[in-house]
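The values are calculated or read from the model by the stated rules, or taken from the named source; none is laboratory data. Here the structure is a predicted model, which is why all the values come from computation and not from measurement. FYI the Cβ positions are ideal-geometry reconstructions off the backbone, even for glycines, and counts take in every protein chain you see.
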Amino acid sequence: MTYLRIVTPAYAALGFGFVLGFAAQGAGHVFWPFVAAVGRILVAAGFGWVAVGYFGAGLAALSAMVTVSLVVYATACAMAMIAGSVWKPDRT
């Protein structure tokens with residue numbers, strides 16, 4: 001129940017990131033959605049592992065890491081879309 005209370009609001013950010021990431025992929029640009037997904041995994045798994053393994057954090061802290069990872073994912077996708085790098089034509 002702790003996980004759901006902490007992470008559930010961030011699922012809106014995950015959906016937003018998915019929409020932007022799939023739009024970028026549909027435009028033929030997969031680099032930034034890939035970078036955003038790797039960033040999400042690094043924050044959730046990497047920092048979560050450090051928090052639990054080295055600092056003895058509990059489920060609430062791990063849930064907070066997952067929440068932060070979802071927001072990082074959505075932010076990275078949004079920044080790529082705002083920057084316009086997705087909408088530049090390929091030079092191939």
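Count, please, the residues in segment 80-92 that happen to be assigned to a helix (DSSP H, G or I) and either farther than 12 Å from residue 21 by Cβ or at pLDDT 90 or above (or both). Let's see the steps before the verdict.
Step one: filter segment 80-92 for residues assigned to a helix (DSSP H, G or I), giving 80-83.
Filter again for either farther than 12 Å from residue 21 by Cβ or at pLDDT 90 or above (or both), leaving 82-83.
Of the residues in segment 80-92, 2 are assigned to a helix (DSSP H, G or I) and either farther than 12 Å from residue 21 by Cβ or at pLDDT 90 or above (or both).
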- In segment 43-54, how many residues are touching a residue at least 12 places away in the same chain (Cβ under 8 Å) and among the aliphatic types (A, V, I, L, M)? 3
- Message: Among the residues that make up segment 67-77, is at least one of them surrounded by fewer than 18 Cβ atoms within 10 Å (Cβ to Cβ) and aromatic (Phe, Trp, Tyr)?
- Response: no
- Criterion (at pLDDT 90 or above and surrounded by 13 or more Cβ atoms within 10 Å (Cβ to Cβ)) met by exactly one of 60, 13, 24: 13
- Note on the structure: Reported set for segment 3-42 where residues are of a type in the set (Gly, Ala, Ser) and either in contact (Cβ under 8 Å) with a residue 60 or more places away in the chain or more than 28 Å from residue 59 (Cα to Cα) (or both) is 10, 13, 17, 21, 23, 24, 26, 27, 28
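Conditions (1) part of a helix (DSSP H, G or I); (2) under 13 Å from residue 73 (Cβ atoms), marked per residue:
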{"position": "9", "(1), (2)": "yes, no"}
{"position": "15", "(1), (2)": "yes, yes"}
{"position": "28", "(1), (2)": "no, no"}
{"position": "34", "(1), (2)": "yes, yes"}
{"position": "38", "(1), (2)": "yes, yes"}
{"position": "49", "(1), (2)": "yes, no"}
{"position": "54", "(1), (2)": "yes, no"}
{"position": "61", "(1), (2)": "yes, no"}
- Message: Suppose we filter segment 30-65 for residues that are within 13 Å of residue 3 (Cβ to Cβ) and either polar (S, T, N, Q) or in contact with a Gly (Cβ under 7 Å, 6 or more places away or on another chain) (or both); how many remain?
- Response: 3
- Query: Out of curiosity, is residue 30 buried (at least 18 other Cβ atoms within 10 Å of the Cβ) and β-branched (Val, Ile, Thr)?
  - Reply: no
